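Participant: Quick one: this structure, given as structure tokens, is what I'll be asking you about.
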Amino acid sequence: MSTELHQMGVAELAAALAAGRVSSVEATQALLQRVRAHEGLGAFLAVDEAASLTQARAADERRARGEHNPLLGVPIAHKDVFVTRDFPTTAGSRMLAGYRSPFDATVVARLGGGADGHPGAGAVTLGKLNCDEFAMGSGNDNSAFGPARNPWDPARVPGGSSGGSAAAVAARLVPGATGTDTGGSIRQPAAFCGVTGIKPTYGRCSRYGMVAYASSLDQAGPIARSALDCALLLSAMAGPDPDRDSTSLDRPAEDYTRGLDEPLPGASAGRPLQGLRIGLPTEFFGAGCSADVQAAVRAALAEFERLGATLVDVSLPRTELAIPAYYIIAPAEASSNLGRYDGVRYGHRAAEYTDLLDMYRRSRSEGFGAEVQRRILIGTYVLSHGYYDAYYLKAQQIRRLIAEDFLRAFEQCDLIAGPVAPTVAWAIGDKADDPLSAYLADIYTLPASLAGLPGMSVPAGFGAGGLPVGLQLIGPHLAEPRLLHAAHQFQRVTDWHTRAPASVTLSRQA
Ligand code: GLN
């Protein structure tokens, strides 16, 4: 049995556990062994076999007592920006090396062992996943602990900032993982690694215990192989958390798997998406998008048409402005959020210093990597007196206009579709000396982030070099069920999401 365990997605593993064909301890052991054999991918930053097995035993005991939450005993892993009691948390930064939180993030607790009267779904944490430092990046090459690699081609980036999450799922080290998306960090790595990811509506999942990057944009979500698996994970992750995150939405937790198999109301089984209008923003299909990505996305859209959906042209005229607006707002918020790492309360403190100011300066210079320092500088600049109106306020006004573009577009359609990123995954190091070129590659994910809208990445074939391409679906606020339904119906008739990279057999790299 243990040889095939890694082939199972979340739903399959859940069914095997429920039927008693495998125990959580067995599944956890098998996957941990696989994680060890694939250390060269750089997907994990921390594993602790004893801690995972303790959680697995607890899950098996809960099941023996008659509980049957679908995720009970399913091994998953968390992006290293979620704080965890049983594992260290670094956010990919030297600043937090060795840090251990006294509590679990709300999302971790809800998926796992619970907290404060919430029982927790009982999933087991296999470890913590690599990411760009403080979630700033698009290639996982800004991690202080080395890059994560793309299992489809280890010389390529897995995307970022949740690169470890996408790589681990694609390499079949774990059936599902958490990620966070501030400007694309769930959708883009999912696309680059050929797996499925959903960034929920801003506020759907609590941010409590997520190491903050840009608080008005940060949102947690799952990365897994399929829309069904994402729905299972999201059902446990989402829900209000009013005492701990005032921006968490006052919407009850729900079962996102409900109705996924049904045709839309009034549609037939053969054309289950009949009546669904999918808007294609002209700005997403221009010259900026490479031909291989366009071809895969167009072919996926043709499949949606066969499923009964109608394609309509829409416009998001301020798309281009999303890049300057985001790269002012996100650093501004980051400069404020990262002020807490001052070497005093927690985090890295320089070993030698002359006085207090020197201690701050040295601790922060040693603890933060180049990209984080760059963003703190930009953020501090755009918030400073005299520049605030010219940059930060202007960016906020553009953000509003971008949100209005979507509102107008959604008068003509139910979902918006396009590419996730302009190209397939690039080579590690390719954009290292040119941060701007990485920022520009965020063009298709930033608009939904600025508008707080839910967005998905769905495997849609392969492009240059045999590398995966993702189709992006964007919905109106709270339209996660509609997104997951459309993606699931697409996945019933396609098999892109079931393809595994050949390199999954690849072990430690030189
Ligand atoms: N690439 C974007 C950035 O660097 C998005 C990162 C994210 O979503 N966390 O900010």
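Throughout, read-outs are computed from the coordinates displayed, never taken from laboratory work. The shown structure was predicted, so the numbers you read here are calculated from the model rather than taken from an experiment. Cβ coordinates were reconstructed from backbone atoms using ideal geometry, including for glycine residues, and neighbour counts include every protein chain displayed.
Participant: Enumerate the calculated ³J(HN,Hα) couplings along region 106-114 in order (Karplus 6.51 cos²θ - 1.76 cosθ + 1.60, θ = phi - 60°), each rounded to whole Hz, writing x wherever the residue is Gly or Pro.
Facilitator: Karplus values, whole Hz, x for Gly and Pro: 4, 4, 5, 5, 5, 6, x, x, x.
Participant: What number in nm² do you get for the chain if you take the convex hull of its Cα atoms and divide its surface by four?
Facilitator: Value for the chain: 22.9 nm².
Participant: Listed highest first by mean packing, meaning other Cβ atoms within 10 Å per residue, what order do 202-211, 340-349 come in?
Facilitator: Averaged packing, sorted descending, gives the order 202-211, 340-349.
Participant: Something else: Where Lys and Arg each count +1 and Asp and Glu each count -1, what net charge lies around Ile198 among other residues with Cβ under 10 Å from its Cβ?
Facilitator: +1
Participant: May I pose another question? Would any residue of region 127-171 have its amide N under 12 Å from a label point 7 Å out along Cα→Cβ of Ser290? List them or say none.
Facilitator: 156-157
Participant: Compute the distance from the alpha-carbon center of region 374-420 to that of region 142-156, in whole Å.
Facilitator: 30
Participant: Picking from Ile474, Tyr391, Phe368, whose Cα lies most toward the positive end of the charge dipole for the chain (charges on Cβ: Lys, Arg +1; Asp, Glu -1)?
Facilitator: So the residue we want is Phe368.
Participant: Of the peptides 158-165, 42-49, 70-77, how do they stack up when ordered by the mean number of other Cβ atoms within 10 Å, highest first?
Facilitator: 158-165, 70-77, 42-49
Participant: With an 8 Å Cα cut-off and a minimum separation of 6 or more residues, compute the relative contact order for region 168-252 in percent.
Facilitator: That works out to 33 percent.
Participant: How high is the relative contact order of region 223-311, in percent, counting Cα pairs under 8 Å that sit 6 or more residues apart?
Facilitator: Averaging sequence separation for qualifying contacts and normalising by length gives 23 percent for region 223-311.
Participant: Treat every Asp and Glu Cβ in region 360-448 as -1 and every Lys and Arg Cβ as +1, leave all other atoms uncharged, and give the resulting dipole magnitude about the Cα centre to the nearest 20 debye.
Facilitator: Rounded to the nearest 20 debye, it is 500 debye.
Participant: With contacts defined as alpha carbon pairs under 8 Å and 6 or more residues apart, what's the relative contact order of region 74-200 in percent?
Facilitator: Taking the mean separation of contacting Cα pairs over the length of region 74-200, I get 23 percent.
Participant: Between Ala37 and Asp261, what is the FRET efficiency for a Förster distance of 51 Å, r being their Cβ-Cβ separation, to the nearest 0.05?
Facilitator: 0.90
Participant: From the square roots a ≥ b ≥ c of the eigenvalues of the alpha-carbon gyration tensor of region 1-141, which class results: rounded (a/c under 1.5), prolate (a/b over b/c), or oblate?
Facilitator: Oblate is the answer for region 1-141, as a/c is 1.5 or above yet b/c matches or exceeds a/b.
Participant: Please work out whether region 409-510 counts as rounded, prolate or oblate from its C-alpha gyration tensor, where a ≥ b ≥ c are the square roots of the eigenvalues and a/c under 1.5 means rounded, while otherwise a/b larger than b/c means prolate and anything else oblate?
Facilitator: Since a/c reaches 1.5 but b/c is at least a/b, the shape of region 409-510 is classed as oblate.
Participant: Using Cα positions and a limit of under 30 Å, work out the lysines in reach of Lys128, with same-chain residues fewer than 8 apart set aside.
Facilitator: The qualifying lysines are Lys79, Lys199, Lys431.
Participant: Please give the Cα centre distance for region 307-323 versus region 196-262, rounded to the nearest Å.
Facilitator: Cα centroid of region 307-323 versus Cα centroid of region 196-262: 24 Å apart.
Participant: Quickly work out the Asp430-to-Ala302 label distance, labels modelled 7 Å from Cα along the C-beta direction, and quote it in nm with one decimal.
Facilitator: 2.6
Participant: Ordered by packing density, taken as the mean number of other Cβ atoms within 10 Å over each peptide's residues, highest first, how do 400-413, 178-191 rank?
Facilitator: 178-191, 400-413
Participant: Which order do Asp358, Asp60 fall in if you start with the one that has the fewest other Cβ atoms within 10 Å?
Facilitator: Asp358, Asp60
Participant: Compute the length gained on full extension between Glu366 and His68: take 0.36 nm times their separation in residues and subtract their Cα-Cα distance, giving the result in nm to one decimal.
Facilitator: Length difference between fully extended and current span is 102.5 nm.
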